[in-house]
Amino acid sequence: MTAFIIKRLLSAIPTLLILIIFSFLLMHSAPGGPFSSDRPLPPEVLANIEAKYHLDDPLPLQIWNYVVGVVTQFDFGPSFQYKDRTVNEIIGQGFPVTLTYGTISFVVAVVFGCALGMMAALKQNTWLDYLAVGISIGAQVLPNFVMAPILVLIFTLWLGWLPGGGWNGGAWPYLIMPVIALSTSFMASIARIMRSSLLEVMHSNFIRTARAKGLPSRDILFQHALKPAMLPVISYLGPTFVIMITGSVVIDLYFTTGGIGQAFVNSALNRDYSVMMGITILVGCLTIFFNLIVDILYAWIDPKIKL
Amino acid sequence: MSDTAIAEPGHEIEGSGQGRSLWQDARRRFLQNRAAVISLIVMILIALIAIFGPLFAAWNNEEVDWNVLGDIASMGGPSIENGHYFGVDELGRDLYARVVQGTQVSLMVGVIGSLIAVTFGTLYGATAGYVGGRTDNIMMRLVDILMSIPYMFVLILLLVVFGRSMWLLFVGIGLISWLEMSRIVRGQTLALKSKEYVEAALATGVKHRVIVTRHIIPNLMGIIVIYATLLVPQMILTESFISFLGLGVQEPNTSWGALISEGASTLQYGTYWQLVFPLAFFIVTLFCFFFIGDGLRDALDPKDR
């Protein structure tokens, strides 16, 4: 197990290096630097500023310094747009917010998605099944950027029950709509995966044997069927995490929750490359980390997989 | 499963082999799936609107109707009399013309994006699977590495750095999703490679190139068509997402995502039609593609039922 984890962590290194170097080169090939504006600066001033941010060093040295900074101190350098803030400060401000509603959405999606999928599979071809399948298809064509305005229309403008945006330290009325908007589409995906995988398991031989020896349905479900049926769901959870972080961009923008997605879009619109790179690399790290956890979980549940 | 093939033995003899009979069989199965057929018809209608829609528009998508500009919430609604079938947007532009234009862009992104993804993914996956060994190992390792890169963020980075152009968006979206495709194709190729007829072809001295084009690719077609259909809505979703953020297509061009974003931001002024019309096109199209994809899966891959 330990050897497996170490091997996986080692294989993450080239991925991160590719990501860092790629985004760094991309940033440097951009036409117009972070300090070019409508009113051009005098060349001496520009040279001074570039020297301050080490933009006049040879490119390999810049990459090397950046990689060393990121790896040794987790330092993404200064923001190019806000002179008095570092990328770390900007990320540090937004990330807890994203993490809070992201985690809640994740739990909601997994719990409700699994429940819906199980219900549909156990009552196959009844109205319950059709309802569950209908919900999951419907949720798939309503991505979060469509859900968000519809929710605001209903709950804020028509009913006036919930605030239309803001964060307010994560008070629950401010959490409800972001969580619903973010979790719905992958709750639907989880429900679909759960349904088809549980159906397949329920039709397999060992379940028939369990039935034949007279086990009650509840025991069959929880002791025999659920564990193998969970496997495809678990392997979906890795990509889910990425979808969640990506989705948070819309949530932040629409509900002005002030998470990391808002910082990303703002920096994209302001050409604040260092913040964009920092967030991209951070999300890359989290993705790799999450995929690792999913792999370990997978191996732990499925005894057929040897590490 | 193969009872239909037995029922129609005539097709086995004529033509150049089993390939044709599979496709005829698949067409029959597809036509029996009512949801898929209706979706296909609706989809064709939407495509026709995208192509011929501008002919029926009373306004073009850049003209501003000064008559309604002053009071859009009460005068800019959908009406037949002044030629704004879907109403106008907050700048007094005809929404029908804009929705038609957005439909063109969104459908084009979907189709071109998934063509790029499918072509690239198939070539890559088939090469890795057929060559096998060391090459396969290295190629699939690379796919593994690329898979854990947060693509949406990289795509936005690309769009910001190189400026927003529609072609960059198309190519970028296409290049996001060839990875999954290449994995599927590789797995399928590996399975096909060890089939007896490939072995027989090899034994009789058929060239590798001919084996790939004559035996491997035709057998991959089913799965390629299914995934291509399921990719289109994903592409449309990705493009809409990027346009929603204001990083996609630029004015005066538009797309469903951009229109939905506009409609959502002006909802509070009571101009509901700005959200409803683009949203309806968007949702109906996605539904259609999902049902067509499902129908194709049932038709082409009957053992998967």
Odd one out for B:L168, checked against (1) of a type in the set (A, V, I, L, M); (2) touching a residue at least 40 places away in the same chain (Cβ under 8 Å); (3) within 14 Å of another protein chain (Cβ to nearest Cβ); (4) within 30 Å of B:N60 (Cα to Cα):
(2)
Unmet criterion (only one of (1) among the hydroxyl-bearing types (S, T, Y); (2) touching a residue at least 24 places away in the same chain (Cβ under 8 Å); (3) out of contact with any Ser or Thr (no Cβ under 8 Å at 6 or more places or on another chain)) for A:T209:
(2)
So in segment A:238-252, with the set limited to residues that are more than 20 Å from A:Y298 (Cα to Cα) and of a type outside the set (V, I, T), which one is nearest to the other protein chains (Cβ to nearest Cβ)?
A:G247
Having 1 or more residues that are in contact with a His (Cβ under 9 Å, 6 or more places away or on another chain) is the bar; report the helices (runs of 4 or more DSSP H) wholly within segment A:126-220 that clear it.
A:172-202, A:205-212
Those residues that are more than 16 Å from the chain's Cα centre (by Cα) and free of Cβ contacts under 8 Å to residues at least 40 places away in the same chain, I need them from segment A:230-256; list them, please.
A:P232
Kindly indicate whether any position in segment A:223-237 is more than 12 Å from every other protein chain (Cβ to nearest Cβ), under 30 Å from A:I21 (Cβ atoms) and crowded, with 22+ Cβ neighbours inside 10 Å.
no
Can you tell me which residues in segment A:149-181 are within 13 Å of another protein chain (Cβ to nearest Cβ) and aliphatic (A, V, I, L, M)?
A:I150, A:L151, A:V152, A:L153, A:I154, A:L157, A:A181
Just to verify a result, which residue in segment A:116-128, among those that are surrounded by fewer than 19 Cβ atoms within 10 Å (Cβ to Cβ) and touching a residue at least 60 places away in the same chain (Cβ under 8 Å), is farthest from A:L221 (Cα to Cα)?
A:Q124
What are the residues in segment B:142-165 that are of a type in the set (S, T, Y) and more than 8 Å from chain A (Cβ to nearest Cβ), if any?
B:Y151, B:S165
For segment A:134-148, how many residues are free of Cβ contacts under 8 Å to residues at least 24 places away in the same chain and either touching a strand residue (DSSP E or B) at 6+ places or on another chain (Cβ under 9 Å) or at the interface with chain B (Cβ under 7 Å from one of its Cβ atoms) (or both)?
2
Does B:S265 satisfy the criteria of being crowded, with 21+ Cβ neighbours inside 10 Å and either within 17 Å of B:A117 (Cα to Cα) or modelled with pLDDT under 85 (or both)?
no
Select from segment B:97-141 the residues that are of a type outside the set (S, T, Y) and within 14 Å of chain A (Cβ to nearest Cβ) and write down the one among them that is nearest to B:L45 (Cα to Cα).
B:G110
Only one of A:V265, A:V294 that is on the phi < 0 side of the Ramachandran plot and facing chain B (nearest Cβ under 9 Å):
A:V265
Residue in segment A:268-282 that is farthest from the other protein chains (Cβ to nearest Cβ), counting only those that are buried (at least 23 other Cβ atoms within 10 Å of the Cβ) and out of contact with any Ser or Thr (no Cβ under 8 Å at 6 or more places or on another chain):
A:G278
So the helices (runs of 4 or more DSSP H) completely within segment B:180-271 holding 2 or more residues that are away from chain A (no Cβ under 14 Å), over 18 Å from the mean Cα position of the chain (by Cα) and closer than 25 Å to B:G110 by Cβ are B:217-244
Could you pull out the residue among A:L198, A:L131, A:L153 that is surrounded by 14 or more Cβ atoms within 10 Å (Cβ to Cβ), free of Cβ contacts under 8 Å to residues at least 24 places away in the same chain, more than 30 Å from B:Q268 (Cα to Cα) and out of contact with any Asp or Glu (no Cβ under 6 Å at 6 or more places or on another chain)?
A:L131
Taking segment A:158-191 on its own, how many of its residues are surrounded by 13 or more Cβ atoms within 10 Å (Cβ to Cβ) and without any contact (Cβ under 8 Å) to a residue 12 or more places away in the chain?
1
Restricting to segment A:74-103, name every residue that is assigned to a helix (DSSP H, G or I) and either under 12 Å from A:M277 (Cβ atoms) or in contact (Cβ under 8 Å) with a residue 40 or more places away in the chain (or both).
A:V87, A:N88, A:I90, A:I91, A:Q93, A:G94, A:F95, A:V97, A:T98, A:T100, A:Y101, A:G102
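The values are calculated or read from the model by the stated rules, or taken from the named source; none is laboratory data. Since this is a predicted model, take the numbers as computed values, not measurements. Using ideal geometry, Cβ is built from the backbone for each residue, glycine included, and neighbour counts are taken over all protein chains shown.
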